[in-house]
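Below: the structure, in structure tokens.
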Amino acid sequence: MISLRAKNLKPSPTLALAAKAKELIAQGHDVISLSVGEPDWDTLECAKQAGRKAIDDGFSKYTPSNGIPELRKAIAAQTNADLKTDYTPDEVTVTAGGKFVIFAALQCAIDPGDEVIIPAPYWVSYPVMVELAGGTPVTAVCDETVNFKLTPEILQKHITPKTKMLILNSPSNPTGLMYSKEELAALAQVLRDHPRILILSDDIYNRLVFGGELAPHILQVAPELKPRVLVMNGASKTYAMTGWRVGWALGPQVWIKAMTNYQSQSVSQAASMSQKATLAAIEHGAPELKKAMTELSARKDRAVSLLSQVSGIQVANPDGAFYIWPDIRKLLGKSYKGKKLATSSDFSVALLEAQNVAVVPGVEFGLDGFVRLSFALKEPRMVEAMERIKKFVADLD
Ligand SMILES: Cc1ncc(COP(=O)(O)O)c(C=O)c1O
């Protein structure tokens, strides 16, 4: 009955794992999920108020497909202040969540046969979305020797005459690591020699940065790339608005216009009240965000410290987002209840069974031997989860 496209479609592994954890919870198990990619704190108060007001004011009908003008204006102003760019509101499109921004961006830029370079470890949805656009995902593995970040040499090695796009994500899901200005400048140097390559900059975690306010950006160090860069962001992570579904992009008019047309024939628009809530968050959310980040930063320090006490696990200190990317390779080859843990998937399944702690295996992000933990959960639960991981590791043979 279903199409080939649907048959080939893999469900999001992170959501699948979260679903399994929820199932165990429903059965009465005390599961701690470190697998979900969303803030544990509530949507910013200023956004909630604006959303409620929009509903009360009857602002609940269709809006323009590319978003309400005042929101596009605020997004352009915020981005221009961040990146020292000169985007106009016409170079902005708003849609139903960051995920659909990326989906539409790929649908509108990729033809069958085009290659898209994706540095691994990567966000799980990129390769699938490239395939859905008819393109070929080209995985550029960036292991611990390069601190999980794309280098000019690795980039160069993966460029072919078919390369159409590079996806960058900083701070990264899953590692929480962030590119420095120098690292971005070195990548820009390579990209300058390949004018046909588009760059999709996924900035969804750019304000969730520890010890700073904003992640460095390729447009800050190479403004001349602007005609081929798509800046993508959204309200989900920054303003704890994952369920409100608002994302946006800024970029070349022709690409932005195509994306708006694409969404006008599919999801239509982001929910009208969600757009109003996002506008309030952008304009008034900074103090609440700062407070949330101070708490998140302290929790990150605690999580890293607890995890680094577990023998056999190595932890890099994340720069942003709410993920840790521990190296579990020393534990692979050990056994749990007589079953050998050969991969990060075996490790994750056994950890969930043994200690009711859900993590995401690194293999889902294109690099085995690691797992992704989210520390966006209340501190006592996070501490308890780390203790359970310690116990699990101690029990391995
Ligand atoms: C790297 C990255 N990009 C984009 C998104 C999309 O987020 P949303 O669709 O909630 O805006 C996510 C969400 O998990 C993400 O981790």
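Screening I154, I117, I167 for residues that are crowded, with 18+ Cβ neighbours inside 10 Å, more than 23 Å from R72 (Cα to Cα), modelled with pLDDT of 95 or more and in contact with a Phe, Trp or Tyr (Cβ under 7 Å, 6 or more places away or on another chain) leaves exactly one candidate, I167.
Quickly run through segment 249-268 and pick out the residues that are under 18 Å from I218 (Cβ atoms) and within 13 Å of the ligand (Cβ to nearest atom). Hit for segment 249-268 is A249, nothing else. Consider I197 against the criteria (1) touching a helix residue (DSSP H, G or I) at 6+ places or on another chain (Cβ under 7 Å); (2) within 11 Å of the ligand (Cβ to nearest atom): it satisfies all of them except one. Which criterion is unmet? The number of the failed condition is (2).
Scanning segment 120-133 for residues that are buried (at least 21 other Cβ atoms within 10 Å of the Cβ) and in a helix (DSSP H, G or I) gives Y126, P127, M129, V130. Looking across segment 86-117, the residues that are closer than 14 Å to Q253 by Cα and either more than 16 Å from the ligand (Cβ to nearest atom) or among the hydroxyl-bearing types (S, T, Y) (or both) come down to D86, Y87, T88, P89, D90, E91, T93, C108, A109. On the given criteria, is K378 among the charged types (D, E, K, R) and at pLDDT 95 or above? The answer is no for K378. Here the condition is being away from the ligand (no atom under 16 Å from the Cβ), surrounded by 15 or more Cβ atoms within 10 Å (Cβ to Cβ), more than 30 Å from D395 (Cα to Cα) and among the aliphatic types (A, V, I, L, M); of A271, A292, it holds for A292 alone. In segment 204-220, the residues that are assigned by TED's automatic domain parsing to the domain that holds N233 reach residues that are within 16 Å of the ligand (Cβ to nearest atom) and of a type in the set (D, E) with C-beta atoms within less than 9 angstrom, at least six apart or across chains, in these pairs: V209/D319; F210/D319; G211/D319; G212/D319; A215/D203; A215/D319; H217/D203. Filtering D82, D111 for residues that are assigned to a helix (DSSP H, G or I), touching a residue at least 24 places away in the same chain (Cβ under 8 Å) and out of contact with any Ser or Thr (no Cβ under 9 Å at 6 or more places or on another chain) leaves a single hit, D82. Annotation note: Cβ proximity below 6 Å between a residue of segment 1-29 that is part of a helix (DSSP H, G or I) and more than 16 Å from the ligand (Cβ to nearest atom) and a residue that is at pLDDT 85 or above and among the aliphatic types (A, V, I, L, M) (sequence gap 6+ or interchain) occurs for A21/V31; A21/A358; L24/V31; I25/V31.
Mind checking whether some residue in segment 238-256 is under 23 Å from the mean Cα position of the chain (by Cα), under 20 Å from E70 (Cβ atoms) and in a helix (DSSP H, G or I)? Scanning segment 238-256 turns up at least one residue that is under 23 Å from the mean Cα position of the chain (by Cα), under 20 Å from E70 (Cβ atoms) and in a helix (DSSP H, G or I). Taken over segment 222-276, residues that are of a type in the set (F, W, Y) and touching a Gly at 6+ places or on another chain (Cβ under 8 Å) amount to 3.
Evaluating S65 against the criteria (1) more than 19 Å from the chain's Cα centre (by Cα); (2) within 16 Å of the ligand (Cβ to nearest atom); (3) assigned to a loop (DSSP other than H, G, I, E, B) leaves one unmet condition, (2).
Each row is one residue, and each column tells you yes or no for (1) outside the structural domain of G312 (by TED's automatic domain parsing); (2) free of Cβ contacts under 8 Å to residues at least 40 places away in the same chain; (3) closer than 18 Å to E38 by Cα.
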residue: L332; (1), (2), (3): no, yes, no
residue: A342; (1), (2), (3): no, yes, no
residue: S345; (1), (2), (3): no, yes, no
residue: A354; (1), (2), (3): no, no, no
residue: V357; (1), (2), (3): no, no, yes
residue: R372; (1), (2), (3): no, no, yes
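Among the candidates L307, L225, L279, the residue that is crowded, with 22+ Cβ neighbours inside 10 Å and either modelled with pLDDT of 95 or more or more than 15 Å from the ligand (Cβ to nearest atom) (or both) is uniquely L279. Flag: P137 matches the condition of being without any contact (Cβ under 8 Å) to a residue 60 or more places away in the chain and not aliphatic (A, V, I, L, M). Residues in segment 148-166: is at least one within 15 Å of the ligand (Cβ to nearest atom) and of a type in the set (S, T, N, Q)? No, segment 148-166 contains no residue that is within 15 Å of the ligand (Cβ to nearest atom) and of a type in the set (S, T, N, Q).
The values are calculated or read from the model by the stated rules, or taken from the named source; none is laboratory data. For clarity, every value in this text was computed on a predicted model and none was experimentally measured. Backbone-built Cβ (ideal geometry, glycine too); neighbour counts: all protein chains shown.
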